[in-house]
1. With a 1.4 Å probe and all protein chains kept in place, how much accessible area does His484 have, in Å² rounded to the nearest 10?
2. Rank these residues by their accessible area, most exposed first, probe 1.4 Å: Val394, Val259.
3. Could you tell me which residue out of Pro391, Ile367, Leu353 lies farthest along the dipole of segment 337-396 toward its positive end? Charges go on the beta carbon: Lys and Arg +1, Asp and Glu -1, centred on the Cα centre.
4. Can you send over the solvent-accessible area of Arg185, 1.4 Å probe, protein chains only, in Å² to the nearest 10?
5. Per residue and in cubic angstrom, what volume does the convex hull of the Cα atoms of segment 275-364 have?
6. With label points built 7 Å along Cα→Cβ from the Cα atoms of Glu134 and Ile385, find their separation and express it in nm.
7. Between segment 277-297 and segment 352-370, how far is it from one alpha carbon centroid to the other, in angstrom?
8. Ranked by accessible surface with a 1.4 Å probe, highest first, in what order do Ser318, Ser465 come?
Amino acid sequence: MMMASQVRIPQKLFLVSSAAATTRSTTRMKSPCSNRLFGSSARQKMVVAKSAHSTLARVATAPATRKATRTTPFCGFRQRRFFQSSSYLCVDGSSSTAIIEGCSLEDSDAIHKQALHPQTPISLQTLMKTGRGEFLHRTWKDETMQTQLQKNKKLATRQVLIQVAGFLRRELPIRLAHRIQDLDRVPMMKEQKSVKAVKDLYTKSCLELLQLPDKITTKQQEQDFAQVVENIYERHAGVLVQMARGAFELRSAIREGTVKHPKISNITSQQIDFEKMEDTHDFLDRFYICRIGIRVLIGQYLALRQPPVDNYIGIICSQTSPYEVVKRAVDDAAFMCTRKYGDAPEVIMTGRLDLTFPYVPTHLHYILLELLKNSMRATVDWHGIDADYPPIKVIIADGDDNEDVVIKVSDEGGGIPRSNMKKIWSYLFTTADPTIQEGMVAFNENVDHAIDSPLAGLGYGLPISRSYCRYFGGDLSVMSMEGHGTDAFVYLTRLGNRREPVPI
C-alpha cells in the first residue's frame, strides 16, 4: 500500500574538514544497508569463426577435437562446457595461432582457449541462494556429507567458499579472456597507451588465475585462491579511470588529426565526431557491463569470507531500503555541491519510504549519487548562487504487482537541449570545464567512485549508472524539458531473477 508520507531533507553548509567527513562516514555506517565489500561421431563440416585478426579463422574439424556439448549445474549456475581445438588456419593454408599483441604464442593460445568457452550469466537470486548454501547438494551429493553440512554451520560455510571459489576459478579466466580479445580488436582505441595498459592488466590477471589448480577442493587451496583474487580486485580498482583516460586520448588524437577512420578511408580525423562513434561506444558499454560482472563475482566471494552482517549475504543486502540509500546519496551530493558553490538545494522524498527489497546498496548509491549531484549542479547553475532554489524531488514507487521498483529524481535545473539528449549517454560527454576533465584523467584514482571527485568531471556518470541499472535487469531513462528541468527514472527489478547481460 502506497504511503502518503513526505520527508523534507534540509541542506546545511558542510564544513570541508576531515573531522566532518569522519563524523558523516561513522554515522552512515550505522545504516542497515551500509556499504560493504565484499559432437557427434560423424565427420563435421569446417566451422569458421572470428579470431583476433581478420586473416585468421578458427577451425574445428575432426571428431577428436570437438566433443559433445554438456550442460553441468554448479553452485546454481548452468554452466555449458565446450571442448574445442584451439588451432587456427591462416589464409595461406598454414596452421597458426592468433597472437595477442604483447603476449607470447603460448600465453595467446591459453587465452584463446579460455575465450572459446561461453560466459555463465548469473542473477541476484542465484548469488543469494549460493551464499546461503542452498546449492551445496549439487556439489556434495553424498547423503552422509549432506547431513553433516546441515548440522555443522561452520563446515557448511567452508564448503560454500570452496564451491564458489571453484566456480570462479573456471569462470573468471573465461570472462577476462573475452575482454582481452575485445581490447585487442577495438578499432583506434586499441592503439591508445592507457587501453594497452588495461589489456596488459587483464592478461596478467587471466594468466595468474590459470596457474592455480583447476579444481579447488581443500581449505588451503581456497585460501590461496582468495589471496590471488583479492589482489586482482585491488589491482583492477583504477580501471574505470584508466579506460576514461584511453577514451580521452583517442578523442584528443582525433582532434589533432593523428588517427584515421578504420572503415572509411576518405574520412579524415577532423570529420570524426567522437560522440557519434557507435562502435567505440558499443565496445565501452560491453566492457563496463562485463567489468561490473567481474567485480560483483569477486566482491561477493570476498564478502562471504568476512564475518556475517545482519541482513547481508555477501555484498547483497536482503533488506535494501531505497529511502536510506537516497538519504546517504543526498548527504554526499550536498557535500560536493556545497564544497563548490557554498550551498545546495534541499531534497523532498515521497512515496514508499518503508520499502525494502534485495539489492546491492553500493550500486544503488552510485546511481542515485550521480543523478542527485547532476540535479543539484544544474539547479544552482540555472538559478544562480544565493538564489532561492526550488527543491529536488525524489519519488519511490512500488506495488505488490509492480514489475519494478522505480525511483524518480526530478529537478528544475533548466533541462537539457534536445540536440544533446543522445550525447548524455556518450562517454566523455560533459558540460563541465574541459580542464577539470583533463585533470581527472591525469589522476589514477584507485576507487570506483568517491565524493572526493569534482561535482562534474569525466562525463562517465550517466552511461556507467545505466550499466549498473541494466546489470541486474533494470534500466535508466532521462526525460527533459528545456527551460524547465529534467526527470530521471531508475528501474530496478523487484524479484532479482534477471540474469546479467554478459556480451561475447
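The values are calculated or read from the model by the stated rules, or taken from the named source; none is laboratory data. Note that the structure is a prediction, hence the values are computed from the model and not measured. Using ideal geometry, Cβ is built from the backbone for each residue, glycine included, and neighbour counts are taken over all protein chains shown. For accessibility, only protein heavy atoms count, side chains too; no ligands or nucleic acids. Shrake-Rupley method; radii C 1.70, N 1.55, O 1.52, S 1.80 Å.
1. Accessible surface of His484 is approximately 90 Å².
2. Working: Val394 0, Val259 25 Å².
Putting Val394, Val259 in descending order of accessible area: Val259, Val394.
3. Ile367
4. About 90 Å², ignoring ligands and nucleic acids.
5. On the way: hull volume 14.8 nm³, N = 90.
Roughly 164 Å³ of hull volume per residue.
6. With each label point 7 Å from Cα toward Cβ, the separation is 5.4 nm.
7. 22 Å
8. Largest accessible area first, the list is Ser318, Ser465.
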